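The values are calculated or read from the model by the stated rules, or taken from the named source; none is laboratory data. Note that the coordinates shown come from a computational prediction; the quantities given were computed from them, not determined experimentally. Don't worry about glycine lacking a Cβ; one is built from the backbone with ideal geometry, like all the others, and counts go over all protein chains shown. Only protein heavy atoms, including side chains, enter the accessible area calculation; ligands, DNA and RNA are left aside. Shrake-Rupley method; radii C 1.70, N 1.55, O 1.52, S 1.80 Å.
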Amino acid sequence: MNPAKIDSASKEAQPREIVNSESKTVLSSDQPGSPDPQHTLSKATAFDKWLMRTMLQKAGNPDIEVVLWDKSIISNRTSTPSVRVHIHSRSTLYKLMLDPSLYFGDGYSQGTIEVEGDLISFNEEMNRGTNSINTKRFYRDRMRSCFNWLKRNTIDAARTNIHHHYDIGNEFYQLWLDEQLAYTCAYFSDPEMSLESAQIAKMDHVCRKVGLKPGDTVVEAGCGWGALALHMAKYYGAKVKAFNISHEQIVYARERAKAEGLSDRVEFVEDDWRNITGSYDSFVSVGMLEHVGLKNYEKLGEVIARCQSVHGRGLIHSIGCNSPRVLDSWTTKRIFPGAHVPSLSEMMQIFEPQKFSVLDVENIRLHYALTLQHWLQRYEQHLDRVTEMFDDNFIRAWRLYLSASVAAFRAGSLQLFQVVFTNGINNEIPWTRAGLYQDNASETMRG
């Protein structure tokens with residue numbers, strides 16, 4: 001890129017106001033944030049502008065404008081985009097060159113980067129841009145992929161990682177999740193249904209997929225706050241043993257089981273999935289695989305093989321991607337330490353060594369986009385309470401995490417896979433998929 005062309009393309013930003021429809025905030029380009037006083041008097045150089053334009057090009061030329069600290073505008077588009085990004089200092093710009101994901105996330109959280117306009121739309125545009133290029137050729141991404149493979153998600157490391165995200169207080173999650181605290185993708189058989197109804201529909205969908213019936217025994221790996229385990233026991237007559245290493249979640253789940261009179265049918269175990277013992281009719285894991293670590297997939301398959309009966313069906317519900325890649329650095333450092341979202345080919349490392357038969361694969365990524373929209377809306381509605389609990393950095397980080405997640409599922413950067421499997425010699429399997437769409441058993445039992 002010729003730096004001389006950047007000067008002629010740069011222009012002074014004109015004051016305007018855009019309402020962010022997702023976060024309910026209004027940003028003005030006259031005063032987009034609190035820029036670093038050290039840099040407000042210095043003009044952006046030709047090199048600064050060339051660097052920003054080059055980064056946009058490497059990101060697939062997303063349809064956005066970037067406003068630098070001296071109000072010069074950088075854009076690789078001829079039309080005026082609906083979203084602007086304000087970078088308040090030269091040091092922030094140079095950090096983006098080192099690791100765009102990490103330092104954009106940190107910059108947004110700390111207020112040195114502002115997004116003027118709809119935050120979800122911005123993230124969607126960035127996803128579309130990066131989806132159009134092959135980031136595997138980037139030296140940084142190749143190195144991160146190598147380091148990701150070398151990491152061993154030991155029991156101690158897994159416990160630390162889970163504590164970082166899930167043990168920050170049940171009260172926080174109660175503000176914006178559904179009433180049962182289901183922190184995984186809901187299933188919207190009707191897009192207009194409530195989040196509460198969609199989460200119940202998801203649990204019924206899972207139960208039907210594994211053919212759950214009264215008297216069945218189930219082991220659940222990674223049970224969250226216990227909603228699915230209690231649902232399987234209460235509405236399907238199953239006896240469930242659920243494992244989780246989050247202390248706060250286990251305490252909450254046990255209290256709920258006791259309050260609902262289900263303690264004799266659901267046992268919540270504060271332990272790692274690697275320590276699962278016993279024999280069960282079904283193995284179920286919803287939203288845990290992302291935390292297992294790629295190197296442990298074959299071990300997970302071994303655990304399933306030793307605990308699931310010959311005629312049992314299993315289900316793994318996980319965020320995924322279309323081809324093998326590493327999760328962005330900001331998410332893995334600040335939100336979900338140690339996380340990995342697998343491709344279907346990577347998930348096969350669980351099933352193939354054990355000669356499991358994969359019976360069904362369903363991708364419900366748009367259901368997760370809608371689930372996250374509900375969460376984000378509720379998060380913003382309870383912002384006053386969140387502000388009493390956490391600082392501005394946390395508030396902005398979680399707004400970015402939820403908004404970026406909506407965008408990733410909308411843009412197809414992330415998928416949501418439900419994979420049903422069984423022992424290879426098992427012929428007691430559904431002839432068609434018709435049974436998945438019958439009336440929910442839980443609705444029938446409610447009368």
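Among what's in segment 89-122 and is in a helix (DSSP H, G or I) and among the β-branched types (Val, Ile, Thr), pick the residue that is nearest to the chain's Cα centre (by Cα). Per the stated criteria, the residue is ILE120. Select from segment 43-68 the residues that are open to solvent by 30 Å² or more (accessible area, probe 1.4 Å), over 22 Å from THR130 (Cβ atoms) and either in contact (Cβ under 8 Å) with a residue 60 or more places away in the chain or of a type outside the set (D, E, K, R) (or both) and list them in ascending order. Residues satisfying the conditions are THR45, ALA46, PHE47.
Taking segment 275-302 on its own, how many of its residues are within 19 Å of GLY424 (Cβ to Cβ) and either hydroxyl-bearing (Ser, Thr, Tyr) or surrounded by 20 or more Cβ atoms within 10 Å (Cβ to Cβ) (or both)? Give the steps one after another, and end with the answer.
Initially, segment 275-302 is screened for residues within 19 Å of GLY424 (Cβ to Cβ), giving 279-283, 297-298, 300-302.
Cutting the leftovers down to either hydroxyl-bearing (Ser, Thr, Tyr) or surrounded by 20 or more Cβ atoms within 10 Å (Cβ to Cβ) (or both) gives us 279-283, 297, 300-301.
Of the residues in segment 275-302, 8 are within 19 Å of GLY424 (Cβ to Cβ) and either hydroxyl-bearing (Ser, Thr, Tyr) or surrounded by 20 or more Cβ atoms within 10 Å (Cβ to Cβ) (or both).
In the condition set (1) in contact with an Asp or Glu (Cβ under 6 Å, 6 or more places away or on another chain); (2) assigned to a loop (DSSP other than H, G, I, E, B), HIS86 is compliant with all but (2). Selection of segment 210-248 for residues being out of contact with any strand residue (DSSP E or B) (no Cβ under 9 Å at 6 or more places or on another chain) and at pLDDT below 95 yields only GLU248.
Would you confirm, using the coordinates I've provided, whether ALA408 is crowded, with 21+ Cβ neighbours inside 10 Å and either assigned to a strand (DSSP E or B) or at pLDDT 95 or above (or both)?
Yes.
Only one entry in LEU400, LEU376, LEU414 is under 18 Å from ALA182 (Cβ atoms), open to solvent by less than 40 Å² (accessible area, probe 1.4 Å), modelled with pLDDT of 95 or more and not polar (S, T, N, Q), namely LEU376.
Once segment 417-440 is narrowed to residues that are within 16 Å of ALA198 (Cα to Cα) and in contact with a helix residue (DSSP H, G or I) (Cβ under 6 Å, 6 or more places away or on another chain), the residue that is modelled with the lowest pLDDT is ASN440. Going by the structure shown, is HIS340 in the same structural domain as ILE168 (by the TED database) and assigned to a strand (DSSP E or B)? Answer is no for this residue.
With THR54, THR80 as the choices, which residue is in a loop (DSSP other than H, G, I, E, B) and not small (Gly, Ala, Ser)? Step through it out loud before you land on a result.
Numbers: THR54 fails: in a loop (DSSP other than H, G, I, E, B).
Matching residue, one of THR54, THR80: THR80.
Checking each residue of segment 429-446 against the condition of being under 17 Å from the mean Cα position of the chain (by Cα) and either part of a helix (DSSP H, G or I) or not assigned by the TED database to the domain that holds GLN110 (or both) gives no match.
Among the residues of segment 69-85, write down those that are within 19 Å of ASP118 (Cα to Cα) and buried (at least 22 other Cβ atoms within 10 Å of the Cβ). Don't jump to the end; show me each part of the working.
Our first condition is that a residue be within 19 Å of ASP118 (Cα to Cα); within segment 69-85, this holds for 73-75, 77, 79-85.
Hits for segment 69-85 are ILE74, SER75, VAL83, ARG84, VAL85.
Any residue at all in segment 320-340 that's among the hydrophobic types (A, V, I, L, M, F, W, C), open to solvent by 30 Å² or more (accessible area, probe 1.4 Å), under 17 Å from the mean Cα position of the chain (by Cα) and closer than 21 Å to LEU416 by Cα? Don't jump to the end; show me each part of the working.
Of the residues in segment 320-340, the ones among the hydrophobic types (A, V, I, L, M, F, W, C) are 321, 326-327, 330, 335-336, 339.
Checking which are open to solvent by 30 Å² or more (accessible area, probe 1.4 Å) leaves us with 336.
So of that shortlist, the ones also under 17 Å from the mean Cα position of the chain (by Cα) come out as 336.
From the residues that got through so far, the ones that are closer than 21 Å to LEU416 by Cα too are 336.
Yes, there is a match, as at least one residue in segment 320-340 is among the hydrophobic types (A, V, I, L, M, F, W, C), open to solvent by 30 Å² or more (accessible area, probe 1.4 Å), under 17 Å from the mean Cα position of the chain (by Cα) and closer than 21 Å to LEU416 by Cα.
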